[in-house]
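First up is the structure itself, then whatever we jot down about it.
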Amino acid sequence: MQKTDFHLKGLAMLGLFFLPLFFTHLSAQTLFELISSSKAYPVSHRGISEEQPVENSLKGMETVLLSGIDFFEVDVRKNADGELYLLHDETLDRTTSGLGRLDSKSNGDLAGVQLKITGEPIPTFQSFLDLASFDSLWIMLDVKEPILEEVLSQTKAAGLDARSLVLTFDRKRAQEALGIQGDFLISVLVTGMEDLYFYQKLFGSRRFLAYVPKDAEISFFQAVAGEGVPILTDVMGEVDRKAIEDEGESYRDFLKERKINLLVSDNPLLLKKSVR
């Protein structure tokens, strides 16, 4: 198994003095409690920030973590040897020094492949779980392939199921996630009230989040919130870009009439500052 150096010793020393100053959540707080009681709790999209542009990078996540963000969305894929890695695209081309599809590469093939800019090896999913466990991170899992049970089983084995939110974007995947043992929180894509009613019936007494598309009508955001279901959405793209220019005013405008509990952004530091 590939070993990725993410400087745990250095973080341990810093953690004794600085990390408690950054985090606002209580160790005894559940993920659902954190989300349902929060206003636009910031999530770092693919582990990046306005100061750190490298996707799915453990070194990058350290930087973002030390800036006060403790919720990370990551993408998980599998290679030819069955090893789980953090990678958004099907291919290595855009974000690494390698070429070709990840699922055609063995661990040996990936031994010399590095992430662009940071020069670190492509992180294994296990190395991310180690980091998340060490620093008590909240994690959002975007599983790109039909490997959900493998990903969630590994997460549960690491003792992180209760700190994990699983993204699903169709009814079949939501039903699959619901059938996997563990204390995972599940989000479901909701584009109309019919979707919401379907999932309320499917989940019964089990709690879930509604992922409402950011371009949905404000009245729909309000209707979902009125059902008492916590809302997850994102501001990647135009809102993130404008917020850089107007020093966060776009975030405040977006949130004026929308009750958002969890908000995914490429600018999580500015987002946090803007909605504090």
statement: Computed about the Cα centre, the charge dipole of the chain from +1 Lys/Arg and -1 Asp/Glu charges at the Cβ has a magnitude in debye, to the nearest 20, of 540 debye
query: How many nm separate the modelled label positions at K256 and N107, each set 7 Å beyond the Cα in the direction of the Cβ?
result: 5.5 nm
- line: Computed for the stretch 62-185: size of charge dipole around the Cα centre, +1 on C-beta of each Lys and Arg, -1 on C-beta of each Asp and Glu, debye to nearest 20, value 220 debye
field: Gyration tensor over alpha-carbon atoms, the stretch 33-99, equivalent ellipsoid semi-axes in Å
entry: 26, 15, 9
- request: With springs connecting C-alpha atoms under 10 Å apart, model the chain as a Gaussian network and identify which of A243, A177, A80 has the largest mean-square fluctuation.
  value: A80
field: FRET efficiency, 1/(1 + (r/R0)^6) with R0 51 Å, evaluated for D93 and Y197 via beta carbons
entry: 0.75
- request: List the residues of the stretch 60-91 whose backbone N lies under 20 Å from a point placed 7 Å from the Cα of K172 along the Cα-to-Cβ direction.
  value: 76-78, 90
Sum of side-chain charges, T95 neighbourhood, beta-carbon under 9 Å (Lys, Arg +1; Asp, Glu -1): -1
- prompt: Which value does Rg/Rh take for the stretch 19-144 over its C-alpha atoms, Rh per Kirkwood?
  reply: 1.00
query: Leaving out same-chain residues fewer than 8 places away, which lysines sit with a Cα under 24 Å from that of K272?
result: K39, K59, K214, K242, K256, K259
field: Spin-label model distance (nm) - D215 vs D183, 7 Å beyond Cα toward Cβ
entry: 3.9 nm
statement: From DSSP H assignment alone, runs of 4+ in the chain each adding -39500 (n - 2.57), the sum over residues rounded to the nearest 500 puts [θ] at 222 nm at -10000 deg cm²/dmol
field: Degrees separating the helix 125-134 axis from the principal Cα axis of the chain, which is the longest one
entry: 70 degrees
field: Cα centroid of the stretch 212-271 to Cα centroid of the stretch 120-154, whole Å
entry: 26 Å
query: What residue among Y211, Y41, Y199 shows peak mean-square fluctuation when the chain is described by a Gaussian network model with Cα springs under 10 Å?
result: Y199
- line: The local net charge around L209, scoring Lys/Arg +1 and Asp/Glu -1 for residues other than L209 whose Cβ lies under 15 Å from its Cβ, equals +1
message: Charges on Cβ only, +1 for Lys and Arg, -1 for Asp and Glu, centred on the Cα centroid of the stretch 196-276; of I231, N267, F203, which one is farthest towards the dipole's positive end?
response: F203
message: For the ranges 66-72, 259-265, what's the packing order if you count other beta-carbon atoms within 10 Å of each residue, average per peptide, and put the highest first?
response: 259-265, 66-72
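Every read-out reported here was derived from the displayed coordinates using simple, explicitly stated rules and does not represent laboratory data. Since the model is a prediction, treat every value here as computed from it, not as a measurement. FYI the Cβ positions are ideal-geometry reconstructions off the backbone, even for glycines, and counts take in every protein chain you see.
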